[in-house]
Amino acid sequence: MRLFVLAAVTLLIDLVLHLTDMVWIGRYLGIPGGLLILLSFGHSLRKRGYVKSSNPVRLLRLHEWLAWIGSTLVLVHAGIHFNAVLAWLAVIAMGINIISGLTGKYLVQRAQRWMKQAKTDLREQGLDEAAIEQKLFWDSLAAGWVKKWRTIHLPIAMSFAVLATAHILSTFLFWGWK
């Protein structure tokens with residue numbers, strides 16, 4: 001659902017820019033979009049211990065919002081103009097990264113809810129904590145593996161970062177500086 005909202009908001013902004021004859025603004029939305037995406041990495045820095053202060057849950061929510069808004073701006077910046085292969089590779093990598101993040105979030109939340117409900121059901125059946133842990137051992141291992149989706153998400157994010165950086169550098173290199 002969030003992916004469809006992202007696409008709809010992007011198309012709406014692009015439509016407004018076209019209807020108001022301000023398409024040129026889209027050309028520059030990649031800059032604030034990229035900066036917002038960069039700021040969203042505060043969550044990753046916290047998870048890796050580079051940032052000590054701040055609430056991890058708050059940083060995760062901030063990561064989601066900054067990345068969502070930044071991605072929207074970058075998508076408006078990309079528009080429907082097919083004139084740069086490198087830029088489109090970066091957009092595709094960003095899209096895969098968005099899908100990876102949304103899928104991982106969904107799977108982790110679902111696994112956590114399922115484990116919580118399973119424990120509640122087993123408690124209601126009168127099982128003690130040791131029996132519950134034994135019954136849910138394999139399920140907890142599977143839920144633990146689901147939480148490791150970040151091992152897939154991180155390389156996707158890095159490929160997006162490399163392609164976006166290459167796009168930015170090539171833009172500066174071939175810009176008509178006069």
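Only the coordinates and a few stated rules stand behind these numbers; no lab work does. None of the values given here were measured: they were computed from a predicted structure. Positions of Cβ are generated from backbone atoms using ideal geometry, with glycine treated the same way; all protein chains shown enter the neighbour counts.
From its DSSP helices (H runs of at least four residues, each -39,500 (n - 2.57)), the chain gives a residue-normalised ellipticity at 222 nm of -27000 deg cm²/dmol. Taking the chain as the reference, fit the longest principal axis to its C-alpha atoms, fit the long axis of helix 2-19 to the helix C-alpha atoms, and give the angle between the two in degrees, 0 to 90, nearest 10. The answer is roughly 20 degrees. Using only Cα atoms, tell me the angle between helix 150-174 and the longest principal axis of the chain; keep it within 0 to 90° and round to the nearest 10. Rounded to the nearest ten degrees, it is 10.
Principal axis extents of the C-alpha atoms in the chain (largest first, rounded to whole Å): 76, 35, 30. Taking every alpha-carbon pair under 8 Å whose residues sit at least 6 apart, the chain reaches a relative contact order of 23 percent. For a test of the definition: using alpha carbon positions, the gyration tensor, and the 1.5 limit on a/c, classify the range 1-81 as rounded, prolate or oblate. Since a/c reaches 1.5 and a/b is larger than b/c, the shape of the range 1-81 is classed as prolate. The long axis of helix 137-147 is offset from the longest Cα principal axis of the chain by roughly 10 degrees.
Between residue 55 and residue 173, what's the calculated FRET efficiency when r is the beta-carbon distance and R0 is 35 Å? Round to 0.05.
Once the sixth-power term is evaluated, E becomes 0.30.
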